[in-house]
Amino acid sequence: MGLTAAVAGASGYAGGELLRLLLDHPDLEVGPVAAGSAAGRPVTELHPHLPQLAGIHFTATTAEVLAGADVVFLALPHGQSAALAAALPDVLPVVDLGADHRLASAADWARFYDTPYAGQWPYGLPELFRRQLVGASRIAGPGCNATAMTLALGPLLAAGLVDPQDLVATTISGTSGAGRGLAPNLLASEVLGSTSAYKVTAHRHTPEVRQSLRTLAGADVTLSYTPTLAPMPRGILATCTARTTASEDELRAALRAQYDAEPFVHVLPEGRWPVTAATVGGNACQLQVAVDADAGRAVVVAALDNLGKGAAGQAVQCANLALGLPETAGLSASGVAP
């Protein structure tokens, strides 16, 4: 028998992806499967792609239910994790996929969220902040867009190759990033055949990206971020630019120095650009870099699966580090094609 993993918010898209990954994990097995309004319903009613869980029903989301597991994943809407986490034992490893514990600044939290500030946990982006995750009992999983932008720009800022005061990013995101809740703007008739910008200048991931990039740069940063919604269920393509005087070789060398030994982040060969389809179903992030000589700007493009490396896959990667398991256990860098 392996260690047991509890999932709160298991009825959602990220929760379902966590369950899928846990079913194939060599050291973790599915424990309590909790959901709010879905409590009492069969798991396979909402996740028919998980026949191994036939006969299992969602339970109520309580600290008592979750505390019996060896690790807890919180895949809850923003603002709902903090109170539940506070009721769990301090020594119980908890990975929060929501935003409740990402930000160091209470002022930033108050600007973007309407629940009380709950404090900061170690930030769960292993490729850039691994040391603080090993053996941790509390981990805050990054946002999906934030993961793509930070992986793209972080090493260049750390190497001093781009101007931290002139960062611009645009992401194209799949609809599953908005969760499973009903919303008129996410109906198929509204999304199919259309691409739209949303939360322009006010996206919740902006403060956490600035926070991480500021840490890596060792200086304050200025970031202009525009998210857009695409008619696809999952995937993120982030295009990030920054003023630079460095050569493309220097930029590529910085990315490769950071990621060549990493199992899940891949700098593609020159001339090949990331595509979201190549990362679907995996825990991978693909990167490519170029220099726009006319504009004097570095251009870094990142692709990942918002439910994989952007959420559930990364959460499992963090849990592996917290529990002393192989970091790659239960995870694959391979996508699903076509």
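The values are calculated or read from the model by the stated rules, or taken from the named source; none is laboratory data. This one's a predicted model, so the numbers in the text were calculated from it and none came from an experiment. Using ideal geometry, Cβ is built from the backbone for each residue, glycine included, and neighbour counts are taken over all protein chains shown.
Is it true that some residue in the stretch 85-101 is surrounded by fewer than 19 Cβ atoms within 10 Å (Cβ to Cβ), modelled with pLDDT under 95, in contact with a Ser or Thr (Cβ under 7 Å, 6 or more places away or on another chain) and in the same structural domain as G313 (by TED's automatic domain parsing)? No - not one qualifying residue is present in the stretch 85-101.
G282 meets each of the listed conditions (1) out of contact with any helix residue (DSSP H, G or I) (no Cβ under 8 Å at 6 or more places or on another chain); (2) within 22 Å of V336 (Cα to Cα); (3) surrounded by fewer than 23 Cβ atoms within 10 Å (Cβ to Cβ) apart from (1).
Among residues of the stretch 326-338 that are more than 14 Å from R20 (Cβ to Cβ), those with a Cβ under 6 angstrom from a residue that is surrounded by 14 or more Cβ atoms within 10 Å (Cβ to Cβ) and hydroxyl-bearing (S, T, Y), sequence gap 6+ or separate chain, pair up as G335/T279.
Go through Q314, Q286 for me and flag whichever is in the same structural domain as Y123 (by TED's automatic domain parsing), touching a Pro at 6+ places or on another chain (Cβ under 8 Å) and either at pLDDT 95 or above or acidic (D, E) (or both).
Working: Q286 fails: in the same structural domain as Y123 (by TED's automatic domain parsing).
Of the residues listed, the single one that is in the same structural domain as Y123 (by TED's automatic domain parsing), touching a Pro at 6+ places or on another chain (Cβ under 8 Å) and either at pLDDT 95 or above or acidic (D, E) (or both) is Q314.
The sole residue among G9, G55, G2 that is farther than 23 Å from N283 by Cα and touching a Pro at 6+ places or on another chain (Cβ under 8 Å) is G55. Annotation: of all residues in the stretch 175-225 being within 19 Å of A146 (Cα to Cα), modelled with pLDDT under 95 and among the charged types (D, E, K, R), the one that is surrounded by the most Cβ atoms within 10 Å (Cβ to Cβ) is R204. Residue count for the stretch 84-108 satisfying the condition of being free of Cβ contacts under 8 Å to residues at least 60 places away in the same chain and either in contact with a Lys or Arg (Cβ under 8 Å, 6 or more places away or on another chain) or in a helix (DSSP H, G or I) (or both): 7.
Looking at the stretch 87-114 only, could you name the residues that are under 22 Å from the mean Cα position of the chain (by Cα) and of a type in the set (A, V, I, L, M, F, W, C)?
Taking the stretch 87-114 as the starting set, the residues that turn out to be under 22 Å from the mean Cα position of the chain (by Cα) are 92-106, 108-114.
Within the stretch 87-114, L92, V94, V95, L97, A99, L103, A104, A106, W109, A110, F112 qualify.
Within the stretch 226-255, which residues are surrounded by fewer than 15 Cβ atoms within 10 Å (Cβ to Cβ) and free of Cβ contacts under 8 Å to residues at least 12 places away in the same chain? Within the stretch 226-255, D249 is the sole residue that qualifies. Among the residues making up the stretch 1-45, those that are over 17 Å from P77 (Cα atoms), among the hydrophobic types (A, V, I, L, M, F, W, C) and touching a residue at least 40 places away in the same chain (Cβ under 8 Å) are L3, A5, L21, L22, L28. The numbered conditions (1) β-branched (V, I, T); (2) part of a strand (DSSP E or B); (3) closer than 30 Å to T201 by Cα are all true for T115 except (2).
Identification of strands (runs of 3 or more DSSP E) wholly contained in the stretch 1-74 with 1 or more residues that are surrounded by fewer than 18 Cβ atoms within 10 Å (Cβ to Cβ) yields 3-8, 28-34.
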